[in-house]
Amino acid sequence: MLPTAELLEVATDAAALTVDLLLERIGSDLSVVEKSTSTDLVTQVDREAERLIVDRITASRPDDGIIAEEGTNVEGSSGVTWIIDPIDGTTNFVYGHPGFGVSIAAEFHGEPVVGVVGDPLNGETFTASRGGGAYRNGKPIAVSATTDPNRMLVATGFGYEPERRRAQGELVARLLADIGDIRRMGSAAVDLCSVACGRVDAYFESGLNRWDFAAGAIIAAEAGAVVSDLHGGEPSRAFVFAASPAVAPALRDLLRHLDADQI
Ligand code: IPD
Ligand code: CA
């Protein structure tokens, strides 16, 4: 049997340890290095946080697989795989700007089963398990009640490759006249939690890695969001879409019309 409660407890515990580490280290002298491009940053705290999470998981669940942004890649034998981003929104972390978080998801034979996102500067931890609903600091959350597509508040994000960023910016410029407004806050994981708690009506982005969206996607889905790619399939690197059901069809149509997943 799938030990959902245990997975949730391990993820919540690992996220809490990481939140403490990030709060302790934010604003300290960080050695920042560039990763894939000059805008893609990583710090030693990203690596320390990843080690902390991996050690916590391995202590309880030594047979699980682990895939994490800063390089951990462990093949497991239990059927459970953890998908981890130790700091999603590293640029915000480096600047001390709110809107970064730790993102921890567990999949069972490829199916998302548990997601936890900790947002240190807002003092919020979002949790969800499949079929069990979504919570913020232990209290149930739900998507927004907005029904007018012209008023939609839509979060998005930009990748690191210059060509993709330019195209993503152009897409936003074309979308803007047909929606309420755009927010670019800097963490896909936190953005998906913002959909989950109704702080925005929707979120979309192309080119994400699994660890950016795995935890946030199950949290948004369990809060009642439509979570998919641009055509109703599973969210993927090509496209992640999450929206409250009342505005999802209108936004998906607008984005399809603009070939948003070709970016
Ligand atoms: C990034 C953030 C950002 C999104 C980028 C991601 P990172 O992750 O989620 O919001 O727009 O596409 O790569 O690099 O801060 O872990
Ligand atoms: Ca990330």
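The values are calculated or read from the model by the stated rules, or taken from the named source; none is laboratory data. Just so it is clear, the model here is predicted, and its values are computed rather than measured. Backbone-built Cβ (ideal geometry, glycine too); neighbour counts: all protein chains shown.
Okay, here's what the table says:
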item: Some residue of the stretch 245-263 being polar (S, T, N, Q) and at pLDDT below 95; result: yes
item: Number of positions in the stretch 107-127 that are small (Gly, Ala, Ser) and under 13 Å from the mean Cα position of the chain (by Cα); result: 2
item: Failed item, numbered, when Trp82 is tested on (1) over 23 Å from Ala128 (Cβ atoms); (2) under 15 Å from the mean Cα position of the chain (by Cα); result: (1)
item: Helices (runs of 4 or more DSSP H) lying entirely in the stretch 182-263 (those with 1 or more residues that are in contact (Cβ under 8 Å) with a residue 24 or more places away in the chain, within 14 Å of ligand 1 (Cβ to nearest atom) and in contact with a helix residue (DSSP H, G or I) (Cβ under 7 Å, 6 or more places away or on another chain)); result: 188-196, 210-222
item: Those residues of the stretch 14-30 which are part of a loop (DSSP other than H, G, I, E, B), touching a Gly at 6+ places or on another chain (Cβ under 9 Å) and aliphatic (A, V, I, L, M), in sequence order; result: Ile26
item: Residues (in a helix (DSSP H, G or I), of a type outside the set (Asp, Glu) and in contact with a Pro (Cβ under 9 Å, 6 or more places away or on another chain)) located in the stretch 31-53; result: Val45, Arg47, Ala49, Arg51, Leu52, Ile53
item: Verdict on Gly99 being closer than 30 Å to Glu24 by Cβ, without any contact (Cβ under 8 Å) to a residue 12 or more places away in the chain and not hydroxyl-bearing (Ser, Thr, Tyr); result: no
item: Selected residue (criterion: modelled with the highest pLDDT) from residues of the stretch 55-90 that are within 16 Å of ligand 2 (Cβ to nearest atom) and on the phi > 0 side of the Ramachandran plot; result: Gly89
item: Filter pass, Gly110 being within 16 Å of ligand 1 (Cβ to nearest atom), over 23 Å from Ser194 (Cβ atoms) and surrounded by fewer than 19 Cβ atoms within 10 Å (Cβ to Cβ); result: no
item: Where a residue in the stretch 13-24 is among the polar types (S, T, N, Q) and its partner, wherever it lies, is in a helix (DSSP H, G or I), with Cβ under 8 Å and at least six apart; result: Thr18/Ala49; Thr18/Leu52; Thr18/Ile53
item: Criterion: on the phi > 0 side of the Ramachandran plot and of a type in the set (D, E, K, R) - qualifying residue of Asp201, Asp148, Asp259; result: Asp259
item: Some residue of the stretch 61-78 being under 27 Å from Arg136 (Cβ atoms), polar (S, T, N, Q) and surrounded by fewer than 18 Cβ atoms within 10 Å (Cβ to Cβ); result: no
item: Members of the stretch 11-42 found to be within 15 Å of ligand 2 (Cβ to nearest atom), touching an Asp or Glu at 6+ places or on another chain (Cβ under 8 Å) and under 26 Å from Asp64 (Cβ atoms), listed by number; result: Val42
item: Check on Ile57, of a type in the set (A, V, I, L, M) and in contact with an Asp or Glu (Cβ under 9 Å, 6 or more places away or on another chain); result: yes
item: Glu205 being crowded, with 16+ Cβ neighbours inside 10 Å, within 15 Å of ligand 2 (Cβ to nearest atom) and within 26 Å of Leu41 (Cα to Cα); result: yes
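Residues checked against (1) more than 17 Å from Asp229 (Cα to Cα); (2) touching a Gly at 6+ places or on another chain (Cβ under 8 Å); (3) aromatic (Phe, Trp, Tyr); (4) surrounded by 15 or more Cβ atoms within 10 Å (Cβ to Cβ):
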{"site": "Asp119", "(1), (2), (3), (4)": "yes, yes, no, yes"}
{"site": "Lys139", "(1), (2), (3), (4)": "yes, no, no, no"}
{"site": "Val143", "(1), (2), (3), (4)": "yes, yes, no, yes"}
{"site": "Asn150", "(1), (2), (3), (4)": "yes, yes, no, no"}
{"site": "Tyr160", "(1), (2), (3), (4)": "yes, no, yes, yes"}
{"site": "Asp181", "(1), (2), (3), (4)": "yes, no, no, no"}
{"site": "Ile218", "(1), (2), (3), (4)": "no, yes, no, yes"}
